Amino acid sequence: METVIQQPHPFDSLTETELKLVRKIINKTYHVGPEYRFTFQYVGLNEPNKSLVLSWHSSPGQNVKPPPRQAFVVSRDNGNTREIVVDFSSGAIISDKIHVGDGYPMLTIDEQQVMLVLKFKPFRRSITRRGLNVSEVVVTSATVGWLGEEETERIISMRPFYLNGSVNTYLRPIEGLTIIVNLDKMKVTVFKDRFRSPLAKANGTEFRISKLKPPFGPPLQNSIIFQLDGPGFKIDGNNVRWANWEFHMSFDVRAGLVISLASIFYMDMNKYRQVLYKGHLSELFVHYMDPFSDDWYSIIYLDCGDFGCGQSAVSLEPYTDCPVSAAFMEASKKQICQVRNKGILTQVRNKDTTDSENLKVDNRFVN
């Protein structure tokens with residue numbers, strides 16, 4: 001039996017130690033290895049019992065035990081979707097269900113980047129016939145929406161773009177190619193070269209400041225927002241207090257930022273009133289669905305459910321993305337990275353600075 005120390009707050013994100021324990025327990029329980037098709041699609045905090053959370057939250061300093069801390073794992077196991085719950089106090093799997101019904105799990109990073117298309121010979125021939133350089137082609141994933149067909153395979157549509165003079169990935173789509181990849185088999189199952197169309201020009205598309213050349217527009221005066229007495233908020237662990245507000249912040253690989261147990265303090269009543277138990281982005285739904293185009297009719301993006309809004313998070317750069325008085329919290333982005341055979345931990349860090357003390361910036365960067 002292996003255990004980990006419980007976190008002080010029920011909604012804190014999984015720690016690196018907990019993530020490693022999840023991986024170890026699952027690797028011991030299931031067939032995971034080069035010869036097996038087992039992938040980690042999602043690993044996050046299992047939703048704790050609400051009544052236990054509220055009981056713990058409403059009784060500070062009274063030694064009320066927080067609810068059991070558990071991890072929720074969605075995995076793909078030889079074509080089946082497993083929903084697994086790992087309990088940290090016992091160091092064991094307490095629930096394991098095969099998902100039956102509609103829907104598929106979130107894409108892994110590997111599945112989003114399926115580079116096998118660039119090695120697919122019919123695809124390379126189609127690119128060459130267009131007079132394009134294969135080395136300048138990038139391929140992105142676009143989930144295939146369900147339009148009433150009887151589909152049992154987990155598939156994804158791949159969309160090629162041409163760089164060659166532009167750093168904007170999506171500026172120059174290579175139209176007329178239908179590419180479908182089976183994610184469980186990791187192979188191209190449908191390929192059609194239907195037509196050719198002119199590419200957009202790359203001239204005048206440079207947007208990187210270091211690469212831009214005169215003439216420029218009129219210069220603007222510099223400005224800065226600075227709080228002489230420091231920021232107006234206080235951070236204690238993952239709890240934030242600002243003005244008469246108090247709330248907890250955490251991070252989820254699917255939903256991204258999560259706000260929980262938000263309360264506002266009423267001065268006349270001398271007490272807090274809870275206004276939000278838990279809130280996060282539920283979905284970002286983009287449906288192109290052009291009924292007259294084979295390239296676009298099935299393109300339906302579920303950014304959280306398919307790609308993961310948290311998984312798409314990138315590093316923040318102090319003084320560029322955030323003002324001087326910003327604080328960088330521990331987002332615990334050490335999630336289990338979805339790979340083909342076993343889970344590995346990855347880290348996304350904010351860019352560090354050496355002069356943060358001079359600018360009074362809290363230097364607790366994403367770790």
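Readers should treat all values here as calculations from the given coordinates under stated rules, not as data from a laboratory. If you're wondering where the values come from, they're calculated on a predicted model, not measured in any experiment. Using ideal geometry, Cβ is built from the backbone for each residue, glycine included, and neighbour counts are taken over all protein chains shown.
The packing ranking, built from the mean of other Cβ atoms within 10 Å per residue, places the peptides 200-209, 298-307 in the order 298-307, 200-209, highest first. Sorting the segments 290-296, 124-130 by their mean number of nearby beta carbons within 10 angstrom, highest to lowest, gives 124-130, 290-296. Pairs with C-alpha atoms separated by more than 25 Å, drawn from the list Lys24/Lys97; Lys28/Lys50; Lys65/Lys97; Lys234/Lys271; Lys121/Lys201; Lys28/Lys187, are Lys28/Lys50; Lys65/Lys97; Lys121/Lys201; Lys28/Lys187.
Normalising by residue count, the range 16-98 has a Cα convex hull of 99 Å³ per residue.
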